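Beneath this line is the structure, given in structure tokens, with notes to follow.
The values are calculated or read from the model by the stated rules, or taken from the named source; none is laboratory data. None of these values were measured; they are calculated from a predicted model. Here the Cβ positions follow ideal geometry from the backbone for every residue, glycine too, while neighbour counts run over all protein chains shown. Surface accessibility is based on the protein's heavy atoms, side chains included, excluding ligands, DNA and RNA. Shrake-Rupley method; radii C 1.70, N 1.55, O 1.52, S 1.80 Å.
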Amino acid sequence: MENYSLLQHNTFGMKVRAKRFFEYKSVEELQQLIKSVPIDEPLLHIGGGSNLLFTGDYEGTILHSAIKGIEVVDETDDNILVRVGAGVVWDDFVAYCCEHNWGGVENLSLIPGEVGASAVQNIGAYGSEAKDTIVLVEAVELRTGQLRVLGNAECNYAYRQSIFKQELKGKYAITYVTYKLDKHPVLKLDYGNIRTELQSKEHVTISDVRQAIIDIRNTKLPDPKILGNAGSFFMNPVVSREKFLSIQKDYPQMPFYEVDNGVKIPAGWMIEQCGWKGKSLGRAAVHDKQALVLINLGGATSDEIIALSDAVCKSVKDKFGVDIHPEVNFI
Ligand code: EPU
């Protein structure tokens, strides 16, 4: 399709267009399509558009996967391997696993986006990350159509990072992801207020955890159908122990998480301390229930979102001496 509106393909609600837009249902169809894409034009593969900020019309080709299907490929007494099409809506997959009592992804309930993006972005929430269950990632090289299969270790997963955001950025389309799920999972209830949400339950099931996560997310995160947004706009920074201790002296109540390479400080907390929570600049605003999320109040341009993002980063730098960076991709 030519001169195609991307409004339904970006949760920020930017009114932009793509020169060309193609959706494909199979690996073979993708390989055929690739042959018709002009070699000298930009090419972008998108998922659910829930982590993107289009800064203008896209003067090239955008690809989107409609590869569906959830297929059990192996099963033991303890585990189950499922191969899932990259175009499956992530939360449909999570719901399917919870219905079957397969554990591992329930804490990632209600994250917007699609299965392919879970493997690119290493989506994470409430103490779980996609990388904890990903076994294999099948991909097609965008310029050649060649198939490639990567094991979990080859994907170089880290917090919101993978090889697909580094060396292979923009080079591959994910076609299928294989996840290993647990038939007897140890439920992760220790993050945030999951346990509080579940205190009335005597025996907690996978589906209870899913419901608790859905309830928590619904109170904090805006529904993109009502208020355009891309979830967390910034990543949580990791600072040195020294730096952390110097901030903690002034802010003893600051939340933090110990990580391998230092201490992670929630950017949402710092942004709130800077007084930005619920504040707007033009038609862009900092969400009033979770300061890590920037929202489109209606009709905001990407320039307005970026102006707000820059102002927020500057405030955090001035107050805490910490650099925060967008997690959202600017296109
Ligand atoms: N906090 C504040 N004020 C705020 C927001 C947060 O003080 O406005 C504090 C909270 O009270 C808490 C801490 O900061 O002590 C962490 O907050 P929260 O648990 O809400 O999580 P987060 O670190 O802000 C991350 C993910 C979210 C994910 C949640 C829950 C990133 C970039 N974001 O946010 O992911 O849902 O943890 O696990 O790591 C997303 O990526 O789109 C996303 C929503």
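Glu23 passes every criterion in (1) more than 26 Å from Ile123 (Cβ to Cβ); (2) acidic (Asp, Glu); (3) in a strand (DSSP E or B) apart from (1). Summed over segment 185-232, residues that are more than 12 Å from the ligand (Cβ to nearest atom), in a loop (DSSP other than H, G, I, E, B) and farther than 30 Å from Arg283 by Cα total 12. Of the residues making up segment 101-139, those that are in contact with a helix residue (DSSP H, G or I) (Cβ under 6 Å, 6 or more places away or on another chain), within 10 Å of the ligand (Cβ to nearest atom) and in a strand (DSSP E or B) are Ala125, Ser128. Scoring Leu297 on the criteria (1) within 18 Å of Leu221 (Cβ to Cβ); (2) touching a residue at least 40 places away in the same chain (Cβ under 8 Å); (3) more than 14 Å from the ligand (Cβ to nearest atom); (4) surrounded by 16 or more Cβ atoms within 10 Å (Cβ to Cβ) leaves a single failure, condition (4). For segment 156-189, enumerate the residues that are acidic (Asp, Glu) and in contact (Cβ under 8 Å) with a residue 24 or more places away in the chain. If the condition is that a residue be acidic (Asp, Glu) and in contact (Cβ under 8 Å) with a residue 24 or more places away in the chain, then Asp182 is the only one that fits. Taking Tyr157 as the residue in question, decide whether it is within 16 Å of the ligand (Cβ to nearest atom) and either open to solvent by less than 50 Å² (accessible area, probe 1.4 Å) or in contact with a helix residue (DSSP H, G or I) (Cβ under 7 Å, 6 or more places away or on another chain) (or both). It is true that Tyr157 is within 16 Å of the ligand (Cβ to nearest atom) and either open to solvent by less than 50 Å² (accessible area, probe 1.4 Å) or in contact with a helix residue (DSSP H, G or I) (Cβ under 7 Å, 6 or more places away or on another chain) (or both). All of Ser280, Ser315 fail the test of being open to solvent by 50 Å² or more (accessible area, probe 1.4 Å) and hydroxyl-bearing (Ser, Thr, Tyr), apart from Ser280.
Does segment 283-294 hold any residues that are assigned to a loop (DSSP other than H, G, I, E, B) and either more than 8 Å from the ligand (Cβ to nearest atom) or buried (at least 16 other Cβ atoms within 10 Å of the Cβ) (or both), and which are they?
Arg283, His287, Asp288, Gln290, Ala291, Leu292, listed by residue number.
In the condition set (1) at pLDDT below 95; (2) open to solvent by 20 Å² or more (accessible area, probe 1.4 Å), Gly113 is compliant with all but (2). If you go through segment 253-269 and keep only what is open to solvent by less than 30 Å² (accessible area, probe 1.4 Å) and either away from the ligand (no atom under 11 Å from the Cβ) or more than 21 Å from the chain's Cα centre (by Cα) (or both), you end up with Met254, Gly262, Val263.
Is it true that some residue in segment 28-36 is in a loop (DSSP other than H, G, I, E, B) and either over 23 Å from Asp303 (Cα atoms) or in contact with a helix residue (DSSP H, G or I) (Cβ under 6 Å, 6 or more places away or on another chain) (or both)?
There is no residue in segment 28-36 that is in a loop (DSSP other than H, G, I, E, B) and either over 23 Å from Asp303 (Cα atoms) or in contact with a helix residue (DSSP H, G or I) (Cβ under 6 Å, 6 or more places away or on another chain) (or both).
The residues on offer are Gly60, Gly87, and the sole one that is open to solvent by less than 10 Å² (accessible area, probe 1.4 Å), under 25 Å from Val27 (Cα atoms) and either within 16 Å of the ligand (Cβ to nearest atom) or assigned to a loop (DSSP other than H, G, I, E, B) (or both) is Gly87.
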